[in-house]
Amino acid sequence: MRDAAAAALGATVRWLDRPGALQVEAVLRTYCQFNGWEVRQGGFLGLRAYLASRSDLVADRLPVLAPTIVQGYAAERSCARERSQPASPV
C-alpha cells in the first residue's frame, strides 16, 4: 500500500510548481525522521517517487536530501540488525 501511495504522490508532485514540490519534500523529510518504521519507510518511498518524478529538481535537491537518505538507511540497517539478534535468556 505504501508503494501505491508513493506512486500516486510522484504522479501528483509532477504537476506542482517548485514551491509546492519543496513543501511536499519538507513533509517527506519529516516523515523520514519519525520513530515508527512504517512512517519512516513511507517517507523514503515518497522521496524516491518525488525524485523520480521531478528530475528538474534532482541536481540541486539531492545534495540536501542525501544526508537524510543515508541516515535513514543506517537506522533501518541498525533496526534490522537488532531484530535479527537472538533473544537473551531471562
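Please give the helices (runs of 4 or more DSSP H) falling wholly within segment 1-55 in which 1 or more residues are of a type in the set (Ser, Thr, Tyr) and more than 18 Å from Pro67 (Cα to Cα).
Hits in segment 1-55: 2-13, 37-53.
What are the residues in segment 1-23 that are modelled with pLDDT of 95 or more and in contact with a Leu (Cβ under 7 Å, 6 or more places away or on another chain), if any?
Ala21, the sole residue that qualifies.
Could you please tell me which pairs satisfy a Cβ distance under 8 Å, a separation of 6+ or placement on different chains, a first residue in segment 29-53 that is within 18 Å of Ala11 (Cβ to Cβ), and a second residue that is among the basic types (Lys, Arg) and part of a helix (DSSP H, G or I)?
Qualifying pairs under 8 Å: Gly42/Arg2; Gly43/Arg29; Leu45/Arg2; Leu47/Arg29; Leu51/Arg61.
In segment 49-64, what residues are surrounded by fewer than 17 Cβ atoms within 10 Å (Cβ to Cβ) and either within 15 Å of Ala7 (Cα to Cα) or more than 14 Å from the chain's Cα centre (by Cα) (or both)?
Ala52, Ser55, Asp56, Val58, Ala59, Asp60, Pro63
Filter segment 8-19 down to the residues that are under 13 Å from Leu51 (Cβ atoms) and of a type in the set (A, V, I, L, M) and list them by number.
Leu9, Val13
Would you please list the contacts, defined by Cβ atoms under 8 Å and residues six or more apart or on different chains, that run from a residue in segment 64-85 that is of a type in the set (Ser, Thr, Tyr) and at pLDDT 75 or above to a residue that is surrounded by 11 or more Cβ atoms within 10 Å (Cβ to Cβ) and in a helix (DSSP H, G or I)?
Close Cβ pairs (under 8 Å, with a partner that is surrounded by 11 or more Cβ atoms within 10 Å (Cβ to Cβ) and in a helix (DSSP H, G or I)) amount to Thr68/Arg29; Thr68/Cys32; Thr68/Leu47.
The values are calculated or read from the model by the stated rules, or taken from the named source; none is laboratory data. In this text the structure is predicted, and so the values were computed from the model without any measurement. No Cβ is skipped: glycine too gets one built from the backbone with ideal geometry, and neighbour counts run over all protein chains shown.
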